[in-house]
Amino acid sequence: MGGELTPREKCHLITRNLQEVLGEDKLMPILKERDLKVYWGTATTGKPHVAYFVPMSKIADFLKAGCEVTILFADLHAYLDNMKAPWELLELRTQYYETVIKAMLESIGVPLDKLKFIRGTDYQLSKEYTLDVYRLSSLVTQHDAKKAGAEVVKQVEHPLLSGLLYPGLQYLPSLGYTKRLHLMNPMVPGLTGTKMSSSEEESKIDLLDRKEDVKKKLKKAFCEPGNVENNGILSFIKHVLFPLKSEFVILRDAKWGGNKTYTTYEELEKDFATEVVHPGDLKSSVEVALNKLLDPVREKFNTPELKKLTSAAYPDLSKAKASVKNSTKNSNPEVVVPSQLDIRVGKVISVEKHPDADSLYLEKIDVGEPEPRTVISGLVQFVPKEQLQDRMVVLLCNLKPQKMRGVESQGMLLCASSLGEPRQVEPLDPPAGSCPGERVYVEGYESGQPDDELKPKKRVFEKLQADFRISEDFVAQWKQKNFMTRLGNVSCKTLKGGNIS
């Protein structure tokens with residue numbers, strides 16, 4: 001097929017839907033002489049998730065354009081990146097990556113016989129490569145290595161020397177190698193509105209997630225009506241589903257206009273921005289399309305051999321912790337951690353008096369779900385109703401719903417309160433620019449799945465709340481670790497040193 005296309009048509013296929021192309025001016029002259037040679041590399045660290053379909057769909061484009069494509073499993077990089085892949089698991093994780101990525105490619109109809117697969121350790125341990133690394137170390141300053149590493153290596157308080165080696169494994173023209181073109185994929189927003197990341201469970205859908213898990217995660221995904229910014233649902237449609245299928249169908253009940261087929265992403269985005277398309281319909285339609293992509297992957301891994309590989313490459317640490325916990329159950333209390341709390345940014349969209357209680361009010365709060373949550377509080381006693389309207393707040397979302405005078409409360413506003421008299425209370429403030437539905441986490445506890453529902457008998461929130469405080473800098477903290485979103489710290493305006501409840 002590649003030979004039938006003109007160089008310009010090939011260029012269009014190669015570059016469409018990319019975030020950026022470095023060296024694009026050199027692309028057409030190459031295509032006029034020969035087909036392009038392309039490699040795509042991935043470090044074998046956390047489990048690949050559905051955002052990996054973005055580069056997979058580009059690989060399909062490259063093959064259609066007649067490119068010679070190599071897929072690199074960068075196993076050595078995975079180890080050097082702050083040991084995200086421990087040495088003893090490196091081989092197992094590389095096997096997992098190779099198997100699951102091949103299954104993804106097959107699920108979108110990419111012929112594997114046209115691809116070349118290679119591992120970093122196949123050539124990065126050779127004499128020639130090692131000498132090049134030493135040569136590079138004599139040319140690159142510590143400053144430049146740190147600067148390059150800061151963009152690609154996980155940052156920690158006490159970085160390892162491996163973090164300086166990592167960027168050096170990508171050769172520079174100063175070693176005499178020809179400068180390459182760089183084809184940059186877009187970074188697909190995760191379900192929480194931040195980057196989709198293997199280390200943040202809430203932000204991603206795993207390739208082996210069950211259908212009920214896909215439904216549950218999509219239901220909680222950030223998808224504010226009319227908001228097309230940082231919308232992981234729309235981004236997945238744009239960068240995966242449209243390139244693969246050339247159309248997308250919104251599935252909806254006949255009373256809401258029935259199904260509608262979109263042949264361009266721009267038309268769909270316009271209808272979503274003007275609220276012609278409802279977030280609930282968008283999510284349910286993506287759920288159907290996504291499960292069609294995932295079914296072949298799930299089926300491939302539904303064998304004893306690959307189930308064993310998955311559990312060996314990614315051992316379930318929670319089971320090990322549970323084993324330790326059970327062995328000491330009689331002597332040690334159950335450990336609770338902040339990641340068990342489902343805390344989100346919310347926006348107050350209305351404040352109304354409780355129909356059967358003079359001191360209580362009903363706040364309708366948008367937390368990025370199809371419908372706003374109703375929260376019952378007495379906050380209006382401390383903050384005027386007008387100041388609450390349209391205010392961005394912080395909401396605990398996985399408390400067991402409770403009825404208060406006949407109305408169900410579906411969460412708890414987190415507020416700072418003064419220690420002395422007269423008592424003062426004010427809502428916690430998320431960072432400026434935050435959107436409804438964004439995850440709030442405690443520094444150092446970004447990963448981990450929140451409990452579906454906090455069990456009252458276990459008193460998880462109460463145990464954690466005992467160490468909630470407002471710092472002298474007005475920052476909300478747990479054990480002196482900051483409450484945060486991707487944009488910065490959660491804070492309050494005036495009540496330094498106060499409690500949080």
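Taking first residues from the range 427-442 that are part of a loop (DSSP other than H, G, I, E, B) and partners that are among the small types (Gly, Ala, Ser) and open to solvent by less than 10 Å² (accessible area, probe 1.4 Å), the Cβ contacts under 6 Å between residues at least 6 apart in sequence or on separate chains come to Leu428/Ala476; Cys435/Gly193; Pro436/Gly346; Pro436/Gly368; Gly437/Gly368; Glu438/Gly193.
Within the set Asp281, Asp295, the sole residue that is modelled with pLDDT of 95 or more, among the acidic types (Asp, Glu), in a helix (DSSP H, G or I) and within 22 Å of Val50 (Cα to Cα) turns out to be Asp295. When restricted to residues that are β-branched (Val, Ile, Thr) and exposed (fewer than 12 other Cβ atoms within 10 Å of the Cβ), the range 1-28 contains 1. Scanning the range 29-45 for residues that are open to solvent by less than 20 Å² (accessible area, probe 1.4 Å) and within 20 Å of Leu90 (Cβ to Cβ) turns up Thr42, Thr44.
Picking from Thr94, Thr42, Thr70, which residue would you name as being of a type in the set (Ser, Thr, Tyr), closer than 18 Å to His182 by Cα and touching a Phe, Trp or Tyr at 6+ places or on another chain (Cβ under 6 Å)?
Working: Thr94 fails: closer than 18 Å to His182 by Cα; Thr42 fails: touching a Phe, Trp or Tyr at 6+ places or on another chain (Cβ under 6 Å).
None of the others qualify; the one that does is Thr70.
Between Lys211, Lys217, the distinction of being surrounded by fewer than 18 Cβ atoms within 10 Å (Cβ to Cβ) and under 16 Å from Val50 (Cα atoms) belongs to Lys211 only.
When we screen Lys308, Lys329, Lys325 for residues that are open to solvent by 70 Å² or more (accessible area, probe 1.4 Å) and either part of a loop (DSSP other than H, G, I, E, B) or at pLDDT 95 or above (or both), the only hit is Lys329.
Does the range 185-194 contain any residue that is at pLDDT 70 or above, in a helix (DSSP H, G or I) and surrounded by 11 or more Cβ atoms within 10 Å (Cβ to Cβ)? Within the range 185-194, not a single residue is at pLDDT 70 or above, in a helix (DSSP H, G or I) and surrounded by 11 or more Cβ atoms within 10 Å (Cβ to Cβ). Scan the range 371-390 for residues that are open to solvent by less than 40 Å² (accessible area, probe 1.4 Å) and part of a loop (DSSP other than H, G, I, E, B) and the total you get is 2. Scanning the range 412-458 for residues that are at positive phi and open to solvent by 10 Å² or more (accessible area, probe 1.4 Å) gives Gly433, Gly444, Gly448. Looking across the range 100-125, the residues that are open to solvent by less than 30 Å² (accessible area, probe 1.4 Å) and within 19 Å of Glu305 (Cα to Cα) come down to Val100, Ile101, Ala103, Met104. Of the residues making up the range 476-499, those that are of a type in the set (Val, Ile, Thr) and crowded, with 19+ Cβ neighbours inside 10 Å are Thr485, Val490.
The values are calculated or read from the model by the stated rules, or taken from the named source; none is laboratory data. In this text, all values refer to a predicted model and were calculated from it rather than measured experimentally. Cβ: placed from backbone, ideal geometry, glycine included. Neighbour counts: every protein chain shown. Side chains included, ligands, DNA and RNA excluded: accessible areas come from the protein's heavy atoms. Shrake-Rupley method; radii C 1.70, N 1.55, O 1.52, S 1.80 Å.
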